[in-house]
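Only one structure is covered here, and it is reproduced in the block below.
The values are calculated or read from the model by the stated rules, or taken from the named source; none is laboratory data. Here the structure is a predicted model, which means the values were calculated and not measured. Glycine also receives a Cβ, built like all others from the backbone with ideal geometry; neighbour counts cover every protein chain displayed.
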Amino acid sequence: MLKRILGKSGYEVSEVGFGAWQIGADWGDEVSREAANEALHAAVDAGVNFIDTADVYGGGRSESIIGEFIGERQEQIYVATKMGRATESWDSGYDEVSRAAEASCKRLGVDCLDLVQLHCIPEETLHAGHAFESLEKIKQSGLIRQYGVSVETIDEGLFCIGNSDAVSLQVIFNIFRQRVVTSLLPVASEKKIGIIARVPLASGLLSGRFSKGHEFGENDHRRFNCDGQLFNVGETFAGVPFSEGVDLAERVEFILAGECGNATSAQKSLRWVLDHDSVTTVIPGAKNALQSDENANVSGIPPLSGEVHANLLELYDSRIDSRVRGRY
């Protein structure tokens, strides 16, 4: 497993991380605690040392599972959590931020959080700056070591770079969402800001596993948020309408054919993300040990060819970009 430095934090993290939204059991088929633990062990056994979670994933279930897991391991494992969505008031005052950090510490079984990320808080709250002031205070108190921001838009990312000491940005980045390549990644690289790439497979579309007639479960965000009914549609299928996304994923698979030997479509799509040097780590989810192994193996896959990158960019410019919905 190759590692990259997470911005100004100095953390040397695995270029393939572990996205822990799904093991919180917020959507899809519930992942048992046993299966989640096996997936986490398989990931770390394969060299993963970076786990991304949030206090709202399963109402704290994801953090609790991770806390039990890291208590069983001796390796250096960096856990990045997120907060700011647990209350409807969106209050970013110091007392609330401090309480949220303390609660995450308790669930994770640690005294200090490696990385706390503001969790896609409203843009007006972000611009007010009080959240950053609060994070600086709890950093000084010893509750957190570093902080970053999970953002919905490129403009939010640029604002954070210019108006905070955040060490990282978490962004939606995949073959269906390429604007950040020219508008955000170069600035982040210049300012030594780590980039954490989420939704790298466009909610599974880029795995090539779905047909247009696929039925998602009632509690799956790919059903209840397919058009942005509850939160930013960009978090679901990267904002591309599902039926169109299936067709586009088939075209992507055609372009990727012949690359990377026997690698799967999902692995090739993750490789595309890692081919961008400004990305520090990509955080696909895994609900079992096999998926963890497949994700981790992407680190050993050779980069895609320049021709493939050019063809995927042409496809994005001509057919995908105009179909992406949601804040971007």
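Free of Cβ contacts under 8 Å to residues at least 12 places away in the same chain, in contact with a helix residue (DSSP H, G or I) (Cβ under 7 Å, 6 or more places away or on another chain) and not basic (K, R) - does that describe any residue in segment 243-257? No, there is no match, as no residue in segment 243-257 is free of Cβ contacts under 8 Å to residues at least 12 places away in the same chain, in contact with a helix residue (DSSP H, G or I) (Cβ under 7 Å, 6 or more places away or on another chain) and not basic (K, R). Those helices (runs of 4 or more DSSP H) of segment 232-300 in which 2 or more residues are touching a strand residue (DSSP E or B) at 6+ places or on another chain (Cβ under 9 Å) and at pLDDT 95 or above occupy 265-274, 289-296. Taking the listed residues A80, A86, A103, the one that is of a type in the set (A, V, I, L, M), farther than 30 Å from E253 by Cα and surrounded by 20 or more Cβ atoms within 10 Å (Cβ to Cβ) is A80, with no other qualifying. Residues in segment 127-155 that are touching a helix residue (DSSP H, G or I) at 6+ places or on another chain (Cβ under 6 Å) and assigned to a helix (DSSP H, G or I): S134, K137, I138, I154. Out of the residues in segment 106-137 that are surrounded by fewer than 19 Cβ atoms within 10 Å (Cβ to Cβ) and charged (D, E, K, R), state the one that is nearest to E12 (Cα to Cα). Applying the filter and picking the extreme gives D111.
For segment 2-22, filtered to residues that are farther than 25 Å from S164 by Cβ and under 14 Å from the mean Cα position of the chain (by Cα), the residue that is surrounded by the most Cβ atoms within 10 Å (Cβ to Cβ) is V16.
The number of residues in segment 25-57 being touching a residue at least 40 places away in the same chain (Cβ under 8 Å), buried (at least 21 other Cβ atoms within 10 Å of the Cβ) and part of a helix (DSSP H, G or I) comes to 5.
From the list A257, A238, A249, A197, the one residue that fits, being buried (at least 24 other Cβ atoms within 10 Å of the Cβ) and more than 19 Å from the chain's Cα centre (by Cα), is A249. Checked against (1) at pLDDT below 95; (2) within 21 Å of L135 (Cβ to Cβ), A80 passes all but a single condition, namely (1).
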